[in-house]
Every structure is written in structure tokens, then in C-alpha cells.
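Below is one structure, written out as C-alpha cells, with a few remarks after it.
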Amino acid sequence: MTDPGEQRVAAAIVLAAGVGSRMKSTTPKVLHELCGRTMLGHVIGALRGVEPAQLVVVTGQGREQVESQLGEIDPLGVAVFQPVQNGTGHAVRIALTALDDMAAAHGAPQVDGIVVIAPGDTPLLSAASVNALAARLGASGAAAALLIARVPDPTGYGRIIRDERGRVTKIVEQADATEAERAVTEVNSSVYAFDAGKLRTALTNLTTDNAQGEEYLPDVVRILVSSGDAIEAVLVDDWHEIAGVNDRVQLAQARALLRDRIVTRHMRDGVTLIDPATTWVDVDVVLEPDCVVLPNTMLLGHTQIATGARVGPNCELRNTVVGAGAVVRDATCDGAQIGPQASVGPYTYLRPGTRLRRGAKAGGFVEMKNADVGEDSKVPHLSYVGDATIGERTNIGAATVFVNYDGVNKHNSVIGDDVRVGSDTMLVAPITVGDGAYTAAGSVIVEDVPPGALAVGRAHQRNVEGWVEKRRPGSSSARAAARATSSAAEAAGAASAAGVASVADAAGVASAAASGADVPAATGSDQNGSPDDSEGDAS
């Protein structure tokens, strides 16, 4: 923080009472969001950089919504209502009077020191610029300091008017400016630092003698100059900082500029962003050096990505923690914890409460909610895991569903270490599957499974011979069945002639002979490997 001189910053005032009609929204203008915060949140964050003793937000239309947001993002802030929007000068007078009244109620004197003021619709304003402004006022002993900018198109801004010695004499609003004054490109940002006593006196002399018929805060500058007080001006490094947002187009432009500022900072801090133009990172996201973010990725809220992790492409992570060396791709994650070396994706949805421990996997088309997956355990594909605890080194077969909801309540499932859940298993909660147990593919498990047991919960298969040819005569299936029956009959004849043990073996002999392949001496080996080597398809 820049030292604002010998004077302390007594108060910061945010002007947030404007109607914002050009937004065409039921949401107050200052509550529209960009990069993880409302405009109001961004401005308050910049003002808090000078550590004001008090922070006041002046509200108007949408008062309840703005006050609610203030309570969430800055509980120490005070909301002051401006019942009639009679100009920015009127709003500041109401705020300063409220601060003085609060001080009097505690037996304290009126506000004294530096008062910093900013509009609530300048989300690109930086704490560094506010610090520089307060520091200039504190060091100079002037009555006021203005944050100013030189812009390529000054239309709509108040112009900074100087005398022949370069001293600021007044601010002229666009509607009140002469042609010569409108040609000035040095403009007012509407961000000020005032000496509280000087401000209090000048506010009593404001009039509504202007094009808008309102009490203009910029007129305070003219009043101070006429009283012989000095005015300082601080030129902002990047004029975009002062850009106000009045409609959805300007909101989108500000959002893109803020995104560029954020991703540039992360890249300079050692983060690899493959395509910054398609990467959106909220202001409160933490990216450690040497993590990699691929294109079309949104990192939102309080997401954290550790060193060596790789996220993207095509990911949306909100309030999610990704551990060192983890890989996340083509995934949506909300409130999840992804441990070191874990793997997520593609096309995976991790909902709040999901935790993947070290080396765990949530594969393609997997959805998890309130699930704790142990180290080196895998849910490779096509499964739903909800309200479950899974131990270490366990494999959940494809198309497994943790049936956690009975229509009224949610229930938990506990799966032990080194368990093999067969493909297409329904685990009906509440249920516990012990360490080392197996479930057969296609089972519906409704009872606890002891450690080391094989659970089989499926109906006995019954084959109705000839059903297709009888019930679907003339169909392609019937014709295929007839051909197969004929081939089987031919194979049986060949078996009889060759003395082969079974019709099935004879069919294999016939097929191999027809293809010219070698005929194995024996069959029956597991072609897919042991369950320990599988991706969860076998059991």
C-alpha cells in the first residue's frame, strides 16, 4: 500500500444510487458481474486498498439488492439511502452527513482527514491508482486531488480545465462545455480525494444551476479554487481504468479488459495459458507457477490450480481445488477437490462435495456428487456416484449407478478398499461393500456385501428358442437367425464326420478353416486380462 502521507484516510464513499436505465435490467447497474465480482465489489476492493476507517455506499434504486450485496462482500461497510437522485454532490453530502451523525452518536468529532470518492460503475479502477491519489493529497496539503486521464474520445466525460500556468481551475461537464472546452482530451474520472473539512464546507455552496438541474460534485473543485485552495491532479497510467459502464456493450468491453489484465498477471507469474483469448479467470482464482491451462477454459470463483496440474481444454471449474500434477479435461467441476495426480474427464461432471484423493480417476461420462473417492481408485466411465465413500484401489465398472435417493431422502453407500464392482451394477443405498469384495456385472445390490465375497444380484437367464422366427417372421432378424441355424446344422454334420467333441468346437474349426487361420488346441483363456488390469468393464 502506498503511504497516503501524514493524513489518514478517514472515509471512502461509493456512489451507487444511479438508475442505470441503459442496462435495461431489473438488476441494479452496480450489481452486474464481471470476472467473479459485481461492479460494486470491484470498486470496493480498490477503495479498501487505502484502508479507510469507514466505507459508505450511497444507494438509490434497487436499494435492498445493493444493501444485501454490501452485507455479503463487505460487512463493515455502511449503506446510506439517497431517496431522490439530485446529483453526485447531493449524494456525497448525504454520505458525509451520515458519517458525521454516526460519529456524534459515539461522542466522536466530525470526520476529519482524507475522504476518497468513486463511482460504483468503474470496475477497472485499481487499488494502485486510488493509493496514488490519496498519497498525492496527503503529501501536498491541497484541498483535493483528482484522478484524471487522457482519452482518445472524451465524449461524455467532464473536461479538466487548467489556467495558463497549468493549474486545475474547474471541471466542466459535457452538457455545459463550450466547443473549445469539449476539444480538451484530459478528462475527469469521477474519482476524488478531498480534505474532509474543505469538502464539507464546499458542499454547502453547491447549486443546481446547470444543464441537468442537479448538484454536481465536480463543482466542488470550482468552489475550492475560488476560495484560493490548491487542486492536485494525478494522471492514471491506463485510461481504461476510469471507463464507466452504462450498458451491456460497455460491460462486455470492461469484462474483456479485466480478463486480459488478470491472465497477463498470471502469465507473468509463471502460469502457462495456451490461448489467453479463450481463457476466463476470475479475480479470486489462485494459479500456481508451472500449471497449464488449455483453451476454452473458465476458472471461476475461488478455484485453485496447483503447480504441475493441467486443466483443459473445454473446462469450467468453479470453487474447485486441483492438486499438483492432476489432469482435468473436458469437464465441469463445481465445489470439487481434485487431489494430486488425479485424473478427470473427458465429459465429466463433478458436483459439490466431490473429493478425488491422490491418483483417483473420474473418467468419461461420469457424474459425482458428495462422493469421496480413495487413493488410486477408479470410476472410469458411464457411471453416477452420489453420496458415497469409496476406499483405496477400488475399481467401479462401467455403467454403475449409486442409487442414493428413495424419493424422499438421500442415503450413503460405503465401498471398501480393493473392491471390484462389475459393470452395470446398481448399488441401492444405504449399503456397505466390504474390502476385497466383488459384485457380478448386471447385479442389483440391495444388501451389504461381506469382505472378500462375490455378490450376485440378477435374475436367471432364460432363452426362448425360436422366438424371433415365430414372432417376427420375415424380419431381418428372422432371416439372420435362419442363416445361423442352417450354419449350426452344417457344423453339426461336420462335427459328426470329423469326430469333434462339440458343435461349438466344430463351428470354430469350420470358421478357422474358412479363414485360413490356425486352429487353437484349447480355448477359454481370459482375453481381457484380470480385473486388476481392466478399466472397469469386467466382472
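Any read-out appearing in this document is the output of simple, stated calculations on the displayed coordinates, not a laboratory observation. In this text, all values refer to a predicted model and were calculated from it rather than measured experimentally. Heads up, the Cβs are rebuilt from the backbone with ideal geometry, glycines too, and the neighbour counts pull from every protein chain shown.
Just a few scattered comments:
- Pair Ala494, Val444: separation of 7 Å Cα→Cβ label points (nm): 4.2 nm
- Count Lys and Arg as plus one, Asp and Glu as minus one, and take only other residues whose Cβ is under 10 Å from that of Val111; the net charge is then -1.
- Per residue, the average separation of C-alpha pairs within less than 8 Å and at least 6 apart gives the chain a relative contact order of 8 percent.
- Helix content alone sets the calculated 222 nm mean residue ellipticity of the chain: runs of n ≥ 4 DSSP H residues at -39500 (n - 2.57) each, divided across all residues, give -7500 deg cm²/dmol.
- Taking the Cα atoms of the range 9-242, the ratio Rg/Rh between the radius of gyration and the Kirkwood radius comes to 0.94.
- Among (1) 151, 57, 42; (2) 88, 72, 52; (3) 122, 51, 45, the entry derived from the coordinates for Cα extents along the principal axes in Å: (3)
- Our estimate of slack between Arg351 and Leu235, defined as 0.36 nm per intervening residue step minus the Cα-Cα distance, is 37.1 nm.
- Order of Cys35, Cys291 under a 10 Å beta carbon neighbour criterion, fewest first: Cys35, Cys291
- Beta bridge orientation in the chain: antiparallel %, DSSP, nearest 5: 15 percent
- Relative protection proxy for 207-215, 47-55, from highest mean packing down: 47-55, 207-215 (other beta-carbon atoms within 10 angstrom).
- Normalised per residue, the volume of the convex hull around the Cα set of the range 1-134 (Å³): 109 Å³
- Residue exposure sequence - Leu257, Leu124 - by fewest surrounding Cβ within 10 Å: Leu257, Leu124
- Computed extension gain for Arg63 through Val19, at 0.36 nm per residue and net of the alpha carbon distance, reaches 14.8 nm.
- Cβ-derived FRET efficiency at R0 22 Å, Thr307 paired with Thr264, nearest 0.05: 0.65
- Summarising the label geometry, the points placed 7 Å from Cα in the beta-carbon direction at Val408 and Asn296 lie 4.5 nm from one another.
- In plain terms, the residue of Phe365, Phe402 with the fewest other Cβ atoms within 10 Å comes first and the most crowded comes last, giving Phe365, Phe402.
- Against the chain, whose longest principal axis is taken from its Cα atoms, helix 63-73 shows a tilt of about 70°.
- Cα coordinate range in the range 247-403, projected on the principal axes (Å, largest first): 48, 33, 20
- Quick note on the range 195-323: its Rg to Rh ratio, both from C-alpha atoms and Rh being the Kirkwood radius, is 1.23.
- Note on Glu181 and Val84: the model spin-label points, each 7 Å out from Cα along the C-beta direction, lie 2.6 nm apart.
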